[in-house]
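Engineer: This is the structure I have questions about; it appears just below.
The values are calculated or read from the model by the stated rules, or taken from the named source; none is laboratory data. These numbers come from a predicted model, not from an experiment. With ideal geometry, Cβ positions are generated from the backbone for all residues, glycine too; neighbour counts draw on all protein chains shown.
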């Protein structure tokens, strides 16, 4: 049996952080009615428990790399885990919605620092020829977390209490903390440039507002004018940040990284694919309840088949990239979401559920291949000196595009059922939303076609 090397152990530690942060972003979705009853508020108001987490996450993701450069990666990760676990305990003990929202915001800050800094540690400590295999397994929690959240949250809330959704983080966090202190190196930049505080305010504020707008829109809350105003306000702040970044020597989010072809193509192609991925957990459970008459627990269980496909595919991703190379794999796989979403859209009442389960399983396999490749090729030509800036920018754009996916799906549903004058979205409206998001995902194909045939060869081992 091959021994676990230090880079592999570090990747496993970081993967546990990814899982904890990704799971926590969605685990409360099914617990909101129980929280509302416990805290004596209406269910609609409890959505602040979701949006407040997004605020903390969005504001501090852009600053993650710069903080790691100054304080050291182990120091930042240690502080982030302590904050995350402490706030989990405080969230579990909340007796008011305001207190819960405040603690969820601080918890989001901890999550915002864990994921990009953890990725940075792995990128810095792994040889390029081993990066495909390492990133393939490390990114698995990013696939599992969002889809497991509603299932796990529903089970815990039903049979224990909504408070145990937060207690779940304690053992995982404590183990992660001990392993971080023991194995994660405290790498820092000797003479970092001044911290871009103005950039953090503009970029973090803009990203937070856009993410909250997507969250409100997806739940049909806040009113159309408020959501539109937030979209305009968030976009304006991001535009101001773009002007600021062009006049700053060391901007928090370094857009000059887009001059690196492999990084830029990974961002563009990955963005198109993430629109589909972001929409799936939002669309599919309700689609099953309307189309197949399933209850929430049953629909959540079927949704969980997608990560099973991802797990099954992970061992074969490195060999697939070694055989065909990044360009051909990403081009061929770029059609997968559109095809699979079209198959879902064609589902009719009375159709056997095993057909949808098979589609989801294949979708999980395609997703594992797509994002393992994108999350690796992005850093193929990034120097060690610019790695922290690259992880901050990439993580920020990932968060933004997942929100765009939710917003696109929700907007399509809203528009179609209004045009057809339905009181609520129907199965046909959900099918249209799947077709729209699937079509957008095909933009990944021409993006991947822009890659050089030899792109990432040092990572994949492909020599053709």
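Engineer: Inspect all residues belonging to the range 248-259 and state whether any of them is surrounded by 21 or more Cβ atoms within 10 Å (Cβ to Cβ), outside any loop (DSSP other than H, G, I, E, B) and in contact (Cβ under 8 Å) with a residue 60 or more places away in the chain.
Structural biologist: Checked against the condition, which is being surrounded by 21 or more Cβ atoms within 10 Å (Cβ to Cβ), outside any loop (DSSP other than H, G, I, E, B) and in contact (Cβ under 8 Å) with a residue 60 or more places away in the chain, the range 248-259 yields no hits at all.
Engineer: State all residues of the range 405-424 that are over 22 Å from residue 335 (Cα atoms) and surrounded by fewer than 22 Cβ atoms within 10 Å (Cβ to Cβ); if no residue qualifies, say none.
Structural biologist: Within the range 405-424, 411, 414, 415, 416, 417, 418, 419, 420, 421, 422, 423, 424 meet the criteria.
Engineer: Can you spot a residue in the range 261-269 that is within 15 Å of residue 369 (Cα to Cα), at pLDDT 80 or above and not assigned by TED's automatic domain parsing to the domain that holds residue 157?
Structural biologist: yes
Engineer: Could I ask something else about it? Answer with yes or no whether residue 392 is under 23 Å from residue 305 (Cβ atoms), assigned by TED's automatic domain parsing to the domain that holds residue 260 and in a helix (DSSP H, G or I).
Structural biologist: no
Engineer: Run down 66, 58 and say which single residue is within 17 Å of residue 387 (Cβ to Cβ), in a helix (DSSP H, G or I), in contact (Cβ under 8 Å) with a residue 40 or more places away in the chain and under 21 Å from the mean Cα position of the chain (by Cα).
Structural biologist: That would be 66, the only listed residue that is within 17 Å of residue 387 (Cβ to Cβ), in a helix (DSSP H, G or I), in contact (Cβ under 8 Å) with a residue 40 or more places away in the chain and under 21 Å from the mean Cα position of the chain (by Cα).
Engineer: Would you call residue 339 modelled with pLDDT of 85 or more, assigned to a helix (DSSP H, G or I) and under 23 Å from residue 293 (Cα atoms)?
Structural biologist: Taking the combined requirement at face value, the residue does not satisfy it.
Engineer: Confirm whether residue 46 is in contact with a helix residue (DSSP H, G or I) (Cβ under 9 Å, 6 or more places away or on another chain), in contact (Cβ under 8 Å) with a residue 12 or more places away in the chain, in the same structural domain as residue 171 (by TED's automatic domain parsing) and crowded, with 20+ Cβ neighbours inside 10 Å.
Structural biologist: So residue 46 passes the test.
Engineer: Can you name the residue in the range 343-352 that is surrounded by 14 or more Cβ atoms within 10 Å (Cβ to Cβ) and either over 23 Å from the mean Cα position of the chain (by Cα) or without any contact (Cβ under 8 Å) to a residue 12 or more places away in the chain (or both) and is also nearest to residue 448 (Cα to Cα) among such residues?
Structural biologist: The selected residue is 343.
Engineer: Just checking, which of 147, 140, 202 is in contact with a helix residue (DSSP H, G or I) (Cβ under 8 Å, 6 or more places away or on another chain), over 30 Å from residue 37 (Cβ atoms), at pLDDT below 85 and buried (at least 18 other Cβ atoms within 10 Å of the Cβ)?
Structural biologist: 140
Engineer: Residue 387: surrounded by fewer than 23 Cβ atoms within 10 Å (Cβ to Cβ), touching a helix residue (DSSP H, G or I) at 6+ places or on another chain (Cβ under 8 Å) and more than 26 Å from residue 209 (Cα to Cα), yes or no?
Structural biologist: yes
Engineer: Among the residues of the range 351-373, is any part of a helix (DSSP H, G or I) and out of contact with any helix residue (DSSP H, G or I) (no Cβ under 9 Å at 6 or more places or on another chain)? Outline the logic, then answer.
Structural biologist: First, pick out the residues of the range 351-373 that are part of a helix (DSSP H, G or I): 353-373.
Right, trim to out of contact with any helix residue (DSSP H, G or I) (no Cβ under 9 Å at 6 or more places or on another chain) and you get 354.
The answer is yes, given that some residue of the range 351-373 is part of a helix (DSSP H, G or I) and out of contact with any helix residue (DSSP H, G or I) (no Cβ under 9 Å at 6 or more places or on another chain).
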